[in-house]
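The values are calculated or read from the model by the stated rules, or taken from the named source; none is laboratory data. On a predicted model such as this, the values are computed, not experimentally measured, just so you know. Please note: Cβ atoms are built from the backbone with ideal geometry, for glycine as well, and neighbour counts cover all protein chains shown.
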Amino acid sequence: MPQTLISIPTRGQGLYEFTEAAQDFVGGQKAGEGLLTVFVRHTSCSLIIQENADTDVRRDLKTFFSRLVPPTSDPDMGWVTHTTEGPDDMPAHIKAALTAVSLGIPVSRNRLMLGTWQGIYLFEHRDQPHERQIVLHLSV
């Protein structure tokens, strides 16, 4: 069962598409049919499948999650006790808990079976740049 590790450098909060890297991995395996498992090895970012045609979608998602879970410096977040790593850390953990750290994507004829407008994204929830690691595992 083939597996690889990819790194995605982030520049702060936002969505970082890596559909092409996942497809390149799958296509190189010549497996035909299977299931790609995508797993992020961190607790303050997550994975989502989302529209990749209109950048407004990514912008609106980032804004929504920022309003849903503001930084701990916000008065409404006074109940948070985990603040050692900065005001964006615990909110990042909450956002990651609300989304997903792994995805399963069907594969057919060496292609990801994503819909026309679907892309695979790392959803970075921290303000500072990070180097995020994602495991791609193909089961055939």
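So which residues in region 63-85 are in a loop (DSSP other than H, G, I, E, B) and of a type in the set (Ser, Thr, Tyr), if there are any at all? Once the filter is applied, which keeps residues that are in a loop (DSSP other than H, G, I, E, B) and of a type in the set (Ser, Thr, Tyr), region 63-85 yields THR72, SER73, THR81, THR83, THR84. Scanning region 11-48 for residues that are of a type outside the set (Gly, Ala, Ser), closer than 20 Å to LEU98 by Cα and touching a strand residue (DSSP E or B) at 6+ places or on another chain (Cβ under 8 Å) yields a total of 13. Pairs are defined by a Cβ separation below 9 Å, a sequence spacing of at least 6 or placement on different chains, a first member in region 100-113 that is within 14 Å of THR19 (Cα to Cα), and a second member that is among the hydroxyl-bearing types (Ser, Thr, Tyr) and not in a strand (DSSP E or B); the pairs so defined are LEU112/THR19.
Among the residues that make up region 29-47, is at least one of them closer than 23 Å to PRO106 by Cβ, out of contact with any Ser or Thr (no Cβ under 8 Å at 6 or more places or on another chain) and without any contact (Cβ under 8 Å) to a residue 12 or more places away in the chain? No, region 29-47 contains no residue that is closer than 23 Å to PRO106 by Cβ, out of contact with any Ser or Thr (no Cβ under 8 Å at 6 or more places or on another chain) and without any contact (Cβ under 8 Å) to a residue 12 or more places away in the chain. Taking the criterion of being assigned to a loop (DSSP other than H, G, I, E, B) and either surrounded by 13 or more Cβ atoms within 10 Å (Cβ to Cβ) or over 16 Å from the mean Cα position of the chain (by Cα) (or both), the residues of region 25-57 that qualify are LYS30, ALA31, GLY32, GLU33, HIS42, THR43, SER44, ASN52, ALA53, ASP54.
Of everything listed in (1) closer than 17 Å to ARG132 by Cβ; (2) surrounded by 17 or more Cβ atoms within 10 Å (Cβ to Cβ); (3) touching a Pro at 6+ places or on another chain (Cβ under 6 Å), the single unmet condition for ARG11 is (2).
In this structure, ASP60 does not satisfy being surrounded by fewer than 17 Cβ atoms within 10 Å (Cβ to Cβ), assigned to a helix (DSSP H, G or I) and in contact with a Pro (Cβ under 7 Å, 6 or more places away or on another chain). Looking only at residues in region 22-57 that are more than 28 Å from VAL69 (Cβ to Cβ) and of a type in the set (A, V, I, L, M), which one is modelled with the lowest pLDDT? Among those that are more than 28 Å from VAL69 (Cβ to Cβ) and of a type in the set (A, V, I, L, M), it is ALA31.
Does at least one position in region 82-99 carry a residue that is surrounded by fewer than 14 Cβ atoms within 10 Å (Cβ to Cβ), of a type in the set (S, T, N, Q), modelled with pLDDT of 95 or more and more than 12 Å from the chain's Cα centre (by Cα)? So far as region 82-99 goes, no, none of its residues is surrounded by fewer than 14 Cβ atoms within 10 Å (Cβ to Cβ), of a type in the set (S, T, N, Q), modelled with pLDDT of 95 or more and more than 12 Å from the chain's Cα centre (by Cα).
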